[in-house]
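**Student:** Quick one: this structure, given as structure tokens, is what I'll be asking you about.
The values are calculated or read from the model by the stated rules, or taken from the named source; none is laboratory data. This one's a predicted model, so the numbers in the text were calculated from it and none came from an experiment. A quick note on method: Cβ atoms are made from the backbone with ideal geometry, for glycine too, and the neighbour counts reach across all protein chains shown. SASA here: full protein model, heavy atoms, side chains in, ligands and nucleic acids out. Shrake-Rupley method; radii C 1.70, N 1.55, O 1.52, S 1.80 Å.
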Amino acid sequence: RVSTRLHKRFQAWVESWVKEHVTRDMSAETTKWLMGEGRDGLLPCTTTRHPEVLQYMNINKYRVKYGTPSKAP
């Protein structure tokens, strides 16, 4: 119970901080970066998100699969 209460309290603080300091564009760009989208010069990859429940809390686990680097002619 203590862990869940502290997590909810921390999550509330994070959400209020994000509302004050993070624009929608910043959030969208961060999501694209996290998922490996729209960035030149990175290795080609596929990122998937797997939501899970861990000790009564919802979390996201991300898995990255790297493809083969493209060869320049």
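**Student:** Using Cα pairs closer than 8 Å and at least 6 residues apart in sequence, work out the relative contact order for the chain, in percent. Walk me through the numbers on the way to the answer.
**Tutor:** On the way: 50 pairs, mean separation 16.2, N = 73.
RCO, the chain: 22 percent.
**Student:** Using only the alpha carbons of the chain, determine the length spanned along each of the three principal axes and report them from longest to shortest in whole angstroms.
**Tutor:** Principal-axis extents of the chain (Cα, largest first): 58, 29, 11 Å.
**Student:** OK, next. Over the chain, what percent of the accessible surface lies on carbon and sulfur atoms, probe 1.4 Å? Display every interim value, and only then the final one.
**Tutor:** Working: 3940 of 7080 Å².
The computed percentage sits at 56.
**Student:** Quickly work out the residue 20-to-residue 48 label distance, labels modelled 7 Å from Cα along the C-beta direction, and quote it in nm with one decimal.
**Tutor:** Here the answer is 3.9 nm between the modelled labels.
**Student:** Return the calculated 222 nm mean residue ellipticity for the chain, to the nearest 500 deg cm²/dmol, obtained by summing -39500 (n - 2.57) across DSSP H runs with n ≥ 4 and dividing by the residue count.
**Tutor:** Working: 2 runs with 31 residues, N = 73.
Calculated from helices alone, the mean residue ellipticity at 222 nm is -14000 deg cm²/dmol.
**Student:** Setting aside same-chain residues fewer than 8 positions from residue 65, which lysines have a Cα under 30 Å from its Cα?
**Tutor:** Straight-distance partners of residue 65: 32.
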